[in-house]
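Notes follow once the structure below has been shown.
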Amino acid sequence: MISNFFSKTKPANQAVVIGILVLGYWLVWATVNGISGLKANLLWIFLGNIGLVVSVLGISQIVKFNKLTGTNSFAIFFFVLLLFWFNAVFLNIKEIYAALFLMFSLGRIITLLSQKNKKEKVFEAALWLFMAVIIDPWTILFVVPLYLAISQFWNNEMRLWFMPFAAFFALALIVFAIAINTESVTTLLEHFSLQFGFGLFQAVPFGLILYLLFCVLLALFVFGKIGYRRQGKTLRLRVVLGYLFTAILLIALPVEGFAPKILYTFFPMSIVLTNYTNSIRKPRFKELFLWTVVILGIVFLCLTLLQ
């Protein structure tokens, strides 16, 4: 039933997924903050909702254009399910937009396999990345998979290695000009100060560590299964895995506040989960796997709503 419905890429699939996402998003906000909190933060809540809807539409286009998962809608299906699994991320508007900008960055960089507009693609990918850095300075770590992608696709094009610097200085000039005019340079510098402390291992949240272990093992399994296939898809998935492992590292490094950053793993993980689903040959086992993740999502959402 589920596999048949999401085996195509139709507007109906997107409409159903977005409808479920919007319903769950507003339910979580209303439950956690109450009606009074909902009214007080209505603008920010609405902006967060828009960011998630754009994320779903963006994922659908990226995976379809780059042929990362085949002709199906499982990527947006898994993305929303992961949001339901860790529905506390609904409350973090900043991370929603940082994750959105990182998704745009990844979407541009995996198109580098094409011969066209290489410099523009690297510049745009870096620009989206540094826009995420403005929101969450920790996302600067994603410059590593950005250069990994450049080395994978066009290692001999030295000018491409300097394009991220151009994007950085272009955006930095704008940000510092605004900070100087608003007399908030000190606040800006404090915002970009990073404190390393491996907070994840100090707090030891068992569920989160189990999820991260699941991400690593499934990603390695999926990449191992398709590694013998055509080179283009293999290179793109290397970049996706690079983003996933960087997101996992980013969750572990900060002193505190690691839980909202789990949102950065959802886009690459939705691609991994989709490729794993596509590898299941027997329809009965595929349907069982899909129903299992759906039930887990419903259970985790209900636990939040009933607290």
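Where is the GNM fluctuation largest for the chain (alpha-carbon springs, 10 angstrom cutoff): Lys64, Lys261, Lys282?
Taking springs between Cα atoms under 10 Å, the residue moving most is Lys282.
Classify the stretch 49-165: rounded, prolate or oblate, from the alpha-carbon gyration tensor (a ≥ b ≥ c, eigenvalue square roots; a/c under 1.5 rounded; otherwise prolate if a/b is larger than b/c)? Before the final figure, lay out each step's value.
On the way: a/c = 2.54, a/b = 1.42, b/c = 1.79.
Oblate, since a/c reaches 1.5 and b/c is not below a/b.
Please arrange Val293, Val216 by counting, for each residue, the other beta carbons lying within 10 Å of its beta carbon, fewest first.
On the way: Val293 18, Val216 14.
Least crowded to most crowded, the residues run Val216, Val293.
Taking percent of Cα pairs over 34 Å apart as the quantity of interest, determine which of (i) 50; (ii) 33; (iii) 22 was computed from the displayed structure.
(iii)
Note down the nm distance, to one decimal, between modelled labels 7 Å out along Cα→Cβ at Thr31 and at Phe5.
2.0 nm
Could you order peptides 22-30, 5-13, 122-130 by the average number of other Cβ atoms within 10 Å of their residues, highest first?
Numbers: 22-30: 17.1, 5-13: 14.8, 122-130: 23.2.
Listed from highest to lowest mean packing, they are 122-130, 22-30, 5-13.
Once you list every other residue whose beta carbon is under 15 Å from the beta carbon of Ile150, what net charge do they have if Lys and Arg are +1 and Asp and Glu are -1? Numbers along the way, then the final one.
Details: positive: Arg108, Lys118, Lys119, Lys121, Arg159, Arg236, Arg238; negative: Glu120, Glu124, Glu157.
Local charge sum for Ile150: +4.
Distance from the Cα centre of the stretch 29-90 to that of the stretch 107-145, in angstrom?
A separation of 21 Å, based on Cα centres.
Can you tell me how much longer the chain between Thr71 and Lys116 gets when fully stretched, taken as 0.36 nm per residue apart minus their C-alpha distance, in nm with one decimal?
Gain in length upon complete extension: 13.8 nm.
In nanometres, what is the gap between the two model label sites at Leu173 and Phe206, each 7 Å from Cα along Cα-to-Cβ?
Simple spin-label model gives 5.5 nm for this pair.
HN-Hα J couplings of the stretch 7-13 from phi, Karplus 6.51/-1.76/1.60, θ = phi - 60°, integer Hz, Gly and Pro as x?
6, 10, 10, 10, x, 4, 4
Every number in this text was worked out from the coordinates using simple rules, so none of it is lab data. Everything numeric here is computed off the predicted structure, so don't read it as measured data. Here Cβ is always computed from backbone atoms with ideal geometry, including for glycine, and neighbour counts include all displayed protein chains.
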